[in-house]
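Colleague: Have a look at this one.
The values are calculated or read from the model by the stated rules, or taken from the named source; none is laboratory data. In this text, all values refer to a predicted model and were calculated from it rather than measured experimentally. Here Cβ is always computed from backbone atoms with ideal geometry, including for glycine, and neighbour counts include all displayed protein chains.
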Amino acid sequence: MLIKICGLTNPTTAKQAAINGADYVGLLFSNVSPRQVSIDNAVAIADATRCGGAEVVGIFVDEEFDEMLEIIKRLNIQVVQLHRDKVRSYCTKLDPKLQIIYVADDKPLPTNLDPKRDFLLFENMVPFKTQFRYFIAGALDITNVQEKINTYHPDGVDLSSGVESSLGVKDIKKVTDFIRHIRPERYGRFGGRYVPELLIPPLFELEKAYATIAKTDIFKQELNSILKNYTGRPTALTEVKNFANSIGGKVRVFLKREDLLHTGAHKINNSLGQCLLAKKMGKTRIIGETGAGQHGVATATACAMFGLECVIYMGQVDIERQAPNVTKMRLLGAKVVSVTSGSATLKDAVNEALRDWAESYESSHYCLGSALGPHPFPKMVADFQSVIGNEAKKQFFDTVGANPYAVIACVGGGSNSIGIFGAYLDDLDVALIGVEAGGTGRGLGNNAARFSEGTPGVLHGSRSYLLQTKDGQIVDTYSISAGLDYAAVGPQHANLFEIGRVKYDMATDKEALNAFRILMRTEGIIPALESSHALGYLISHIDDFPDGSSVLVNLSGRGDKDLPSLISSGVLECLV
Ligand SMILES: *Cc1c(COP(=O)(O)O)cnc(C)c1O
């Protein structure tokens, strides 16, 4: 479903509309419109629109032909929309490279319109049968659009007053809400469902089950009860004064203690949610994939508890690197399948898991471990992890009497971070900081810093920022922490990055290890190496935080799991 937003009058809003997923942004030059723009302003709006990734549409109503050509040239317009008889009569004289959106009426169409290239637009009019693709327009808004789509089956929708706060003034919140409503599978330009045909039926089935079963009070109560009585929620919020003093005493530091959960990290929140849903859907078998083994262990745990069969795909290289977690999964009753294709690591394991699911979805659910992959996974995983932020926000407010100055979390696939950020997205005065793995430092291949060194692309069913070569080959990433070592990141983060709501930065191995050591020594808490990146960022950027401000850090997991690899690499000796 294409989305066209018309009558934009300022560059900032146009860019926001484009970044948030509008495909076309229409500009009006005629003084018959309250949304008229001057040419100079139009140039700025057109630049901003293209910068946000949308196409500019020149909308013509009563212009003279030469005037119209001049505007097309000044703005480098590729798409024109033609209203009313005078302007429509220019249609046959236009450069054939231009794409035309022709506002239809009951008269015959010009013969040079090309159904492969051009669109019709039905404005306040019931669409007639046509081989052209078409937009519908006319008082569309979030409340009526779905019904109109169901009735008229358009290829696109055209919006103007339906996303305004007053005549001619676009409201960016209304624009983004509208786009999310029509395209729930997308976060602006990111997300989607880029999968082989075979995976569409299970994804649709899951989307439907998630929207119905998982939204019932019974489901929520059952999950909450498990989270409370089995995993130990709510987790504590701990103020770490010794740690804060040892890094200069400038700020108060609070940790959200996901390390205290059963199995030692936030991943269990998601595995339990998905496995409970799978059980309610009548599935008997769970497929998972794992890199470091953390998600494999969480899923095997949930399966043991719910009495579900569990198969975990894992790269042969990772099986060798993560022996203790492989043993745990097998003890929990899971079958661990070694994947030897490709680089025999996580991305190859994901491919195998998807292949299994395509063949087995009648009995099986694919339990994906982070806020990644095709829709509905990013949304569903973020929802199951939102418990972190909902608890933390309340606990923090009860303790401090205000929101934190900043919230910091590490970003692998992005589930613990979106879990805690989610509660604060609308609190614009709270700074949100996502910390990626900086590995050994800058340079493609030395880290897993998708936002510093990546570019948009598609991997494992969704569009996001990726570490890839110029020809789109996925780059091998590096980080001391296995949980952050992945070439892609959840699509919602890609959108939050582009709209500037979350700041993404990185912490290197060295900065993470330093934080790991300080937290252990000063507080007696062994953080996961992943979570240590969030603390490492805070230490290195302490000057950016105002004196006396309070910072909330998500301690996504505990570090016991990291000890074997730290011992075998010899790093541990340097820390004691
Ligand atoms: C897996 C893992 C992460 C990274 O995954 P996200 O989906 O980005 O949260 C972070 N911390 C710990 C402890 C992990 O196990």
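Colleague: Can you confirm whether L255 is assigned by TED's automatic domain parsing to the domain that holds Q294, in contact (Cβ under 8 Å) with a residue 40 or more places away in the chain and within 23 Å of G412 (Cβ to Cβ)?
Modeller: No: the conditions fail for L255.
Colleague: Further, regarding this structure: Somewhere in the stretch 337-357, is a residue away from the ligand (no atom under 16 Å from the Cβ), of a type in the set (D, E) and free of Cβ contacts under 8 Å to residues at least 12 places away in the same chain?
Modeller: No; the residues of the stretch 337-357 include none that is away from the ligand (no atom under 16 Å from the Cβ), of a type in the set (D, E) and free of Cβ contacts under 8 Å to residues at least 12 places away in the same chain.
Colleague: On to the next question. Tell me which residues, restricted to the stretch 144-175, are in contact with a Gly (Cβ under 9 Å, 6 or more places away or on another chain) and in a loop (DSSP other than H, G, I, E, B).
Modeller: Once the filter is applied, which keeps residues that are in contact with a Gly (Cβ under 9 Å, 6 or more places away or on another chain) and in a loop (DSSP other than H, G, I, E, B), the stretch 144-175 yields N144, S160, G168.
Colleague: Within the stretch 362-373, take every residue that is surrounded by fewer than 24 Cβ atoms within 10 Å (Cβ to Cβ) and not in a strand (DSSP E or B) and give me the one that is farthest from the ligand (Cβ to nearest atom). Write out each step before concluding.
Modeller: Initially, the stretch 362-373 is screened for residues surrounded by fewer than 24 Cβ atoms within 10 Å (Cβ to Cβ), giving 362-364.
Next, only the ones that are not in a strand (DSSP E or B) stay: 362-363.
Details: E362: 28, S363: 27 Å.
Restricting to residues being surrounded by fewer than 24 Cβ atoms within 10 Å (Cβ to Cβ) and not in a strand (DSSP E or B), the top hit is E362.
Colleague: Now, a different point. What pairs come out if I take residues in the stretch 63-77 that are in contact (Cβ under 8 Å) with a residue 40 or more places away in the chain and pair them with residues that are of a type in the set (F, W, Y) whose C-beta lies under 7 Å away, six or more apart or interchain?
Modeller: I71/F29
Colleague: Picking from T9, T49, which residue would you name as being of a type outside the set (A, V, I, L, M), over 24 Å from D155 (Cα atoms) and buried (at least 17 other Cβ atoms within 10 Å of the Cβ)?
Modeller: Result: T9 is the single residue among T9, T49 that is of a type outside the set (A, V, I, L, M), over 24 Å from D155 (Cα atoms) and buried (at least 17 other Cβ atoms within 10 Å of the Cβ).
Colleague: Tell me, which residue of the stretch 251-302 that is basic (K, R) and within 19 Å of N554 (Cα to Cα) is nearest to the ligand (Cβ to nearest atom)?
Modeller: Pass one, the stretch 251-302, residues basic (K, R): 252, 256-257, 267, 279-280, 283, 285.
Subsequent filtering for residues that are within 19 Å of N554 (Cα to Cα) retains 252, 256-257, 267.
Values: R252: 23, K256: 12, R257: 12, K267: 6 Å.
Among those residues, the one meeting the criterion is K267.
Colleague: Search the stretch 545-576 for residues being under 17 Å from N416 (Cα atoms) and either part of a strand (DSSP E or B) or not hydroxyl-bearing (S, T, Y) (or both), and hand back the single one that is nearest to the ligand (Cβ to nearest atom).
Modeller: G557
Colleague: Further question on the same structure: Please work out which one of (1) under 24 Å from L354 (Cα atoms); (2) at pLDDT below 95 is the condition V381 fails and give its number.
Modeller: Result: V381 fails condition (2) only.
Colleague: Okay, moving on. Among the residues that make up the stretch 227-246, is at least one of them more than 20 Å from A392 (Cβ to Cβ), touching a helix residue (DSSP H, G or I) at 6+ places or on another chain (Cβ under 6 Å) and not in a strand (DSSP E or B)?
Modeller: Yes: the stretch 227-246 contains one or more residues that are more than 20 Å from A392 (Cβ to Cβ), touching a helix residue (DSSP H, G or I) at 6+ places or on another chain (Cβ under 6 Å) and not in a strand (DSSP E or B).
Colleague: Which one is nearest to I200 (Cα to Cα) among residues in the stretch 396-417 that are crowded, with 19+ Cβ neighbours inside 10 Å and more than 16 Å from the ligand (Cβ to nearest atom)?
Modeller: Of the residues in the stretch 396-417, the ones crowded, with 19+ Cβ neighbours inside 10 Å are 396, 404, 406-417.
Add one more test, that the residue is more than 16 Å from the ligand (Cβ to nearest atom), and what stays is 396, 404, 406.
Numbers: F396: 41, P404: 42, A406: 39 Å.
The qualifying residue nearest to I200 (Cα to Cα) is A406.
Colleague: Follow-up. I'd like the full set of residues that are under 27 Å from the mean Cα position of the chain (by Cα) and within 15 Å of the ligand (Cβ to nearest atom), limited to the stretch 523-544.
Modeller: P527, A528, L529, E530, S531, S532, H533, A534, L535, G536, Y537
Colleague: Look at F377 and say whether it is among the aromatic types (F, W, Y), buried (at least 20 other Cβ atoms within 10 Å of the Cβ) and within 13 Å of the ligand (Cβ to nearest atom).
Modeller: Criteria met by F377.
Here's the yes/no breakdown for (1) modelled with pLDDT of 95 or more; (2) assigned by TED's automatic domain parsing to the domain that holds S161; (3) in contact with a Gly (Cβ under 8 Å, 6 or more places away or on another chain):
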{"site": "G7", "(1), (2), (3)": "yes, yes, yes"}
{"site": "I19", "(1), (2), (3)": "no, yes, yes"}
{"site": "L27", "(1), (2), (3)": "yes, yes, yes"}
{"site": "S33", "(1), (2), (3)": "no, yes, yes"}
{"site": "Q36", "(1), (2), (3)": "yes, yes, no"}
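Colleague: Residue by residue through the stretch 327-361, note down the ones that are crowded, with 18+ Cβ neighbours inside 10 Å, farther than 23 Å from H375 by Cα and touching an Asp or Glu at 6+ places or on another chain (Cβ under 7 Å).
Modeller: Those that are crowded, with 18+ Cβ neighbours inside 10 Å, farther than 23 Å from H375 by Cα and touching an Asp or Glu at 6+ places or on another chain (Cβ under 7 Å): V339, T345.
Colleague: Which condition number does K170 fail, the rest of (1) free of Cβ contacts under 8 Å to residues at least 60 places away in the same chain; (2) surrounded by 12 or more Cβ atoms within 10 Å (Cβ to Cβ); (3) under 16 Å from A17 (Cα atoms) being met?
Modeller: Going through (1) free of Cβ contacts under 8 Å to residues at least 60 places away in the same chain; (2) surrounded by 12 or more Cβ atoms within 10 Å (Cβ to Cβ); (3) under 16 Å from A17 (Cα atoms) one by one, K170 breaks only (1).
Colleague: Search the stretch 403-429 for residues that are in the same structural domain as L368 (by TED's automatic domain parsing) and within 16 Å of F384 (Cβ to Cβ) and pair each with any residue that is modelled with pLDDT of 95 or more and within 16 Å of the ligand (Cβ to nearest atom) when their beta-carbon atoms are under 6 Å apart and the residues are at least 6 apart or on different chains.
Modeller: If the second residue must be modelled with pLDDT of 95 or more and within 16 Å of the ligand (Cβ to nearest atom), no pairs are left.
Colleague: So which residues in the stretch 274-326 are assigned to a strand (DSSP E or B) and crowded, with 24+ Cβ neighbours inside 10 Å, if there are any at all?
Modeller: Those that are assigned to a strand (DSSP E or B) and crowded, with 24+ Cβ neighbours inside 10 Å: I286, I287, G288, E289, T290, C310, I312, Y313, M314, G315.
Colleague: Please indicate, with yes or no, whether at least one residue in the stretch 180-192 is in a helix (DSSP H, G or I) and farther than 23 Å from G273 by Cβ.
Modeller: Checked against the condition, which is being in a helix (DSSP H, G or I) and farther than 23 Å from G273 by Cβ, the stretch 180-192 yields at least one hit.
Colleague: Identify the residue in the stretch 463-500 that is part of a loop (DSSP other than H, G, I, E, B) and acidic (D, E) and, among all such residues, is farthest from the ligand (Cβ to nearest atom).
Modeller: D471
Colleague: Additional query: Looking at E64, E55, which is the one that is among the charged types (D, E, K, R), modelled with pLDDT of 95 or more and loosely packed, with under 15 Cβ neighbours inside 10 Å?
Modeller: E64
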